[in-house]
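Participant: Shown below is the structure under consideration.
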Amino acid sequence: MSAKRRVAVLISGRGTNLQALIDADQDAYEIVAVVSNIPDAGGLQRARAAGIEALTLDHKQFGKDREAFERELNALLRARNVEIIALAGFMRVLTPYFVNSWKERLVNIHPSLLPKFPGTKTHERALAAGESEHGCTVHLVVEEVDAGRILGQARMPIIASDTPETLAGRVLTLEHELYPRCLAELARNL
Ligand code: GRF
């Protein structure tokens, strides 16, 4: 078996997907760092509890200069020999500079069946559109938001009594199963 791929997970919030990536049987990847752009993100504590280096890089310190934030982020990741980045609720849009420097090695999870409903409020929009099914997508990150090659999807039916909240809960459960599976596959194929 070849060496495990070194993964960094970028977060901004509670980090339930991060937890799923930590808890999964990781024979293909190893999470070597978690970076949050929000200083008190709950996910940082999850990383520390798992013995993973937890770092904060507050984008506000860089004002409007997105690339300056990303150059610093890049330096942190390169210094740790990171090979793959997994975005898990990371709420910053990344510039072409960053995206292109991690081509084929930068993945995201999105709470809809892409190409349907890129962007925000996916559960509300799926209901409003009268969809009969919904789900989540793991995809490579490219310059256009939520538009990169799809690595995997998980789907479920929408039922009459569903609300945005019930959909969010069921989709999240699917995310926790899908993301580790897709990340492991990417790591094995790199
Ligand atoms: C998830 O719904 C994910 O699809 C989206 O952001 C949310 C992150 O949740 N990109 P968590 O922080 O992993 O709990």
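Participant: Restricting attention to the stretch 41-54, report how many residues are open to solvent by 30 Å² or more (accessible area, probe 1.4 Å), under 16 Å from residue 23 (Cα atoms) and either assigned to a helix (DSSP H, G or I) or of a type in the set (Phe, Trp, Tyr) (or both).
Facilitator: 4
Participant: Right, another one. When you go through (1) free of Cβ contacts under 8 Å to residues at least 24 places away in the same chain; (2) aliphatic (A, V, I, L, M); (3) surrounded by fewer than 17 Cβ atoms within 10 Å (Cβ to Cβ) one by one for residue 57, which number turns out not to apply?
Facilitator: Unmet for residue 57, out of (1) free of Cβ contacts under 8 Å to residues at least 24 places away in the same chain; (2) aliphatic (A, V, I, L, M); (3) surrounded by fewer than 17 Cβ atoms within 10 Å (Cβ to Cβ): (3).
Participant: Return the residues of the stretch 60-98 that are within 16 Å of the ligand (Cβ to nearest atom), among the β-branched types (Val, Ile, Thr) and either under 13 Å from residue 6 (Cα atoms) or open to solvent by less than 10 Å² (accessible area, probe 1.4 Å) (or both); say none if nothing qualifies. Explain how you work it out, then say what you get.
Facilitator: Of all residues in the stretch 60-98, those within 16 Å of the ligand (Cβ to nearest atom) come to 85-94.
Among the residues that remain, those that are also among the β-branched types (Val, Ile, Thr) are: 85, 93.
Selection gives 85 alone.
Participant: I've got another one for you. Determine which member of the set 155, 170 is at negative phi and either part of a helix (DSSP H, G or I) or at pLDDT below 95 (or both).
Facilitator: After ruling out the rest, the residue left standing is 170.
Participant: Taking the criterion of being under 23 Å from residue 78 (Cα atoms), open to solvent by 10 Å² or more (accessible area, probe 1.4 Å) and out of contact with any helix residue (DSSP H, G or I) (no Cβ under 8 Å at 6 or more places or on another chain), would at least one residue in the stretch 22-37 satisfy it?
Facilitator: Yes, the stretch 22-37 contains at least one residue that is under 23 Å from residue 78 (Cα atoms), open to solvent by 10 Å² or more (accessible area, probe 1.4 Å) and out of contact with any helix residue (DSSP H, G or I) (no Cβ under 8 Å at 6 or more places or on another chain).
Participant: Also, I was wondering about something else. Within the stretch 127-151, which residues are within 13 Å of the ligand (Cβ to nearest atom) and open to solvent by less than 60 Å² (accessible area, probe 1.4 Å)? Working first, answer last.
Facilitator: Let us first name the residues in the stretch 127-151 that are within 13 Å of the ligand (Cβ to nearest atom), namely 134-139, 141, 145-146.
134, 135, 136, 137, 138, 139, 141, 146 - these are the residues of the stretch 127-151 that are within 13 Å of the ligand (Cβ to nearest atom) and open to solvent by less than 60 Å² (accessible area, probe 1.4 Å).
Participant: For the subset of the stretch 152-171 comprising residues that are touching a strand residue (DSSP E or B) at 6+ places or on another chain (Cβ under 8 Å) and either open to solvent by 70 Å² or more (accessible area, probe 1.4 Å) or in contact (Cβ under 8 Å) with a residue 60 or more places away in the chain (or both), which member is farthest from residue 90 (Cα to Cα)?
Facilitator: Among those that are touching a strand residue (DSSP E or B) at 6+ places or on another chain (Cβ under 8 Å) and either open to solvent by 70 Å² or more (accessible area, probe 1.4 Å) or in contact (Cβ under 8 Å) with a residue 60 or more places away in the chain (or both), it is 157.
Participant: Quick one: residue 139 ticks every box in (1) within 13 Å of the chain's Cα centre (by Cα); (2) part of a loop (DSSP other than H, G, I, E, B) except a single one, so which number is it?
Facilitator: Just one mismatch for residue 139, condition (2).
The values are calculated or read from the model by the stated rules, or taken from the named source; none is laboratory data. Just so it is clear, the structure is predicted and the values come from calculations on it, not from any experiment. Cβ coordinates were reconstructed from backbone atoms using ideal geometry, including for glycine residues, and neighbour counts include every protein chain displayed. Protein only, heavy atoms only, side chains kept; ligands, DNA and RNA dropped before computing areas. Shrake-Rupley method; radii C 1.70, N 1.55, O 1.52, S 1.80 Å.
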